[in-house]
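*Asks:* Provided herewith is a single structure, encoded as structure tokens, for subsequent inquiry.
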């Protein structure tokens with residue numbers, strides 16, 4: 001079983017890193033995967049983060065290729081702002097890559113936003129069970145080894161500090177991922 005938990009866009013690079021690190025035989029023996037994404041990239045801002053959409057599509061392509069995958073659970077949580085529903089184009093960006101994942105016997109996706117006008121047609125033959133919670137929880141963010149911060153800060157100084165902490169965490173996480181990947185790039189052929 002693999003559990004991937006993160007709140008930064010680089011979280012989506014974890015599965016490609018695992019694919020590089022494991023032999024194809026071992027990679028395709030993975031039977032269970034859970035992704036918990038507490039999104040730093042707010043879905044209402046996805047149009048300003050096209051790299052997230054591309055990384056999401058790549059992540060889902062890898063999931064679809066996993067021959068042994070039997071259990072797949074995806075939790076998407078938004079922690080800032082009120083999102084009653086996604087704009088239709090962004091819902092397409094999020095759900096379309098998931099529609100290509102057919103292998104798992106158990107496949108569940110949980111999102112906090114309500115259905116958009118296109119949801120019914122888009123998800124008519126979806127290979128997963130969709131749970132729409134309709135609520136955005138009040139969460140505390142976890143920044144790995146850097147510490148904790150409260151995402152619901154109320155003062156300008158707290159907001160500035162949160163931005164600085166998140167920027168440092170993003171930079172550290174990116175550096176950490178690259179350090180894991182670089183030594184193994186010559187092994188991938």
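*Asks:* Relative to the present Cα-Cα distance, how much length would full extension add between residue 133 and residue 100 at 0.36 nm per residue of separation?
*Replies:* 9.5 nm
*Asks:* Residue 31 versus residue 62, label points 7 Å from Cα toward the beta carbon: distance in nm?
*Replies:* It is 2.2 nm.
*Asks:* Between the range 112-136 and the range 48-76, what's the alpha-carbon centroid distance in Å?
*Replies:* The two parts, judged by their Cα centres, are 17 Å apart.
Quick note: the coordinates plus some simple rules give every number you see, no bench work behind them. A quick note: this is a predicted structure, and the numbers were derived from the prediction, not measured. Reconstructed Cβ throughout: ideal geometry from the backbone, glycine too, with neighbour counts over all protein chains shown.
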